[in-house]
Structures are given as C-alpha cells and as structure tokens.
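Read-outs throughout are calculated quantities, based only on the coordinates presented, and are distinct from any laboratory measurement. Because the structure is predicted, anything quoted here is derived from the model rather than measured. Counting neighbours? That spans all protein chains shown, and the Cβs are built from the backbone with ideal geometry, glycine included.
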Amino acid sequence: MSDATFAWILPAAFVLDLVIGDPVGLPHPIRWMGRLIASWEKKFRKRFLSERTAGVLLAVTLVAGIWLVCAAALTAAQAVHPGLALGFHIVLIYYALSIKSLRAEALKVYAAIKQNALGEAREQLSTIVGRDVEPLDEAGVVRAAVETVAENLVDGVIAPLFFAALGGGPLAMAYKMVNTLDSMIGYKNERYGRFGWFAARLDDAANFVPARISAIVISLAAPLVRRSCTRAIKTAIRDGRKHLSPNAGIPEAAFAGALGIRLGGPNFYNGRLVEKPYIGQALRPIAMEDIKTATSLMLASAFIWLLACWGFLVA
C-alpha cells in the first residue's frame, strides 16, 4: 500500500464513524476486548501467585496480541487483494473512533434536561460516567456531561488518530486495548489495586502526548464555536494538572476555559465522597446549553486534529 493511499485511510475512517457511529446490532472489537479481558483475568489470576505479575503479563499479552492479530490480518488481506487490505484498514481505524456515539450520548442527557426530566438525565448520564449520579442536581449533571465529552475527546478521537497516523490500524487497536484494560481493571481498589496498576500506568503513558496535544487542538477549535481560544489554553496550562489523573485534567481544563465555566469538584463514587479540585473559573452559571456547546467543540476539535494528522501523512 502506497503512502498516498494510506493517507486517505484516516479521513475515510473518520467519515465512516460520523455516518455510522457504533450500531448496537453490529459486532464491535472493543466489546470483544472487554469480554477477552474479563475471561483472561480469571486465568491469569489463577496461574500466577503475584497479582502484580499477573496484571502486567495480562496487559502485555493482550496489547501485543491485538497488534499482532491486526497486523497479520492486514498482511493476509494484502496478499488476497490490495482493495481488501484498504477496506480492512479503514474499518480498523473506524472501530477505534467514537465521535458520533460520544456526541449522541451527551445529547441524550441534554434532551432529558430540556424536557425537565432530571431523573432520565441522570439515567442517561450513568451510561457514560463512573460517578454516582443520584446526588447530582441539574448543574451537576451538566458538569459531568461536559467533563466526559472533554475527556473522551482524547480517548475516542485525539489518541486513536494519533496512533493510527504513527502505526496504522494495528497500533490504533493496540491503543484501544490499553484504554479498555484501564477502564476495566485500572482501579485503585481492593480488587484491582495491585492487579491493575500496570494497566492504569500504561494508559497514562499512552495518553500523555495526546492529552497535551488536545489542549492546543481545543484552543484552536474554540473560535469556531464562538468561544475563547486564549482562555482555553491559559486554563489548560493553569488548571490541567489539578485533576487526580495526569491526563484527564488537561482537556477538561481547556473545555472549562473555552466555555467560561467551572468543572471538577467533589463527587461520590460507589457511595464514597472523593474530594477533587475545581477546574476553571465560573464566569457565569453552568447551563444545559453547555452540553450542546461542548459537543460542538468536540466535533470542531476532531476535524482540526484530523486535518493535522492527514497533513502529517501527506507531507
């Protein structure tokens, strides 16, 4: 496959995700990854005495394995026909993206609030956040929705395109395995504190560069939705490291600055209050329209980053 042909794979996958999204009825490798992690966790825990060793080996095996499987499948497809390899490559990167589904899920929360159905809004929110939603008032629901849009811009757009531009579909899918491992076993609790520590650190390392790129991309996108570029980058620099995560705070701070609202703060997780610092300045009260603006900012950021990655490939 020529470099010129490969350069068009990213926009093709991007458009495919915008059009199709994540159809519930179709098979999705991310769901397969989740089932694989759950199944192999039991096997690795039984085989190794040390939880840390088991967790490290599970993560390394699955991440390396998914890369090898995808690379081998691409090689086989290329041997059959270049067109088959091209289509398979597009599908791999498409599966690594989640632009349409992220926007759709956030707008479901917005629609429920607009209909004064706070209970339904909390229920919709519970499908995309890990915090307890019952204690949240309307402002809390909006804040959580904006935060998850900001954070998932990195996980679902910036990072997958970053790794796809560097190493194609196989590397993008390896990143999604890292991401899925973190979401399933990367918790600091009794069950996963030792077993999942490596998966969590691996995810932090994988997202380190994409998260910092996101601050620039979000700032450039802010004027496209009539928000402040300068405030976005200044807030990302000032407040990006306040978050408990080394990466999540950066896009959240950029969104907070662009929208002129305050994010973060204490939240309940499994009934336990977790104190978190506030991010951004409340130049005005947070409002339900901030969810719509956040999804528009996410889309604008996604397009800008796609153009940057495409330019890198064709240069």
**Asked** Across segment 147-161, in residue order, what do the Karplus-derived ³J(HN,Hα) couplings come to in whole Hz, using 6.51 cos²θ - 1.76 cosθ + 1.60 with θ = phi - 60° and x for Gly and Pro?
**Response** 4, 6, 4, 5, 5, 7, 4, 6, 5, x, 9, 4, 5, x, 5
**Difference of contour (0.36 nm per residue) and Cα-Cα distance, ARG272 to THR230** = 11.5 nm
**Asked** Using modelled backbone amide H atoms (1.01 Å from N, in-plane), which distant-in-sequence or interchain residues come within less than 5 Å of PHE268's amide H?
**Response** ASP132, VAL274
**Request:** Using the Karplus curve 6.51 cos²θ - 1.76 cosθ + 1.60 with θ = phi - 60°, work out ³J(HN,Hα) for each residue of segment 173-178 in order, rounded to whole Hz, and write x for Gly and Pro.
**Result:** 6, 4, 4, 5, 5, 4
**Complete:** Among trypsin sites (Lys or Arg not before Pro) in segment 1-81, those in a DSSP loop whose Cβ has at most 16 other Cβ atoms within 10 Å are none
**Asked** Hey, rough spin-label estimate for LEU68 and GLU138, points 7 angstrom out along Cα→Cβ, what's it come to in nanometres?
**Response** 5.5 nm
**Prompt:** Listed highest first by mean packing, meaning other Cβ atoms within 10 Å per residue, what order do 158-168, 264-274, 112-122 come in?
**Reply:** 158-168, 112-122, 264-274
**Request:** On a C-alpha basis, how far is the centre of segment 19-74 from the centre of segment 229-287 in Å? Whole number, if you could?
**Result:** 32 Å
**Message:** Tell me the Rg and the Dmax, in Å, that the Cα atoms of segment 1-130 produce.
**Reply:** 19.4, 57
**For the chain: span of alpha carbons on each principal axis (Å, largest first)** = 59, 50, 37
**Asked** How many nm is it between the label spots at ILE237 and SER39, if each spot is 7 Å from the Cα in line with the beta carbon?
**Response** 5.0 nm
**Request:** Mind checking the full-extension length gain between GLN115 and ARG47? Use 0.36 nm per residue of separation minus the Cα-Cα distance, one decimal, nm.
**Result:** 19.2 nm
**Request:** Per DSSP H run of at least 4 residues, take -39500 (n - 2.57); add these up for the chain, divide by its residues and hand me the 222 nm value, nearest 500 deg cm²/dmol.
**Result:** -23500 deg cm²/dmol
**Prompt:** Taking the Cβ-Cβ separation of ALA76 and GLN281 as r and a Förster radius of 45 Å, what is the calculated FRET efficiency to the nearest 0.05?
**Reply:** 0.25
**Item:** For ILE279, distant residues with modelled amide H under 5 Å away
**Value:** LEU263, GLY264, GLY265
**Message:** For the chain, what is the number of Lys pairs with C-alpha distance below 19 angstrom, counting only pairs 8 or more positions apart or on separate chains?
**Reply:** 10
**Complete:** Residue-ordered couplings for segment 179-192, obtained by feeding phi - 60° into the Karplus form 6.51 cos²θ - 1.76 cosθ + 1.60 and rounding to whole Hz (Gly and Pro as x), are 4, 5, 4, 4, 5, 9, 10, x, 9, 8, 10, 4, 6, 10
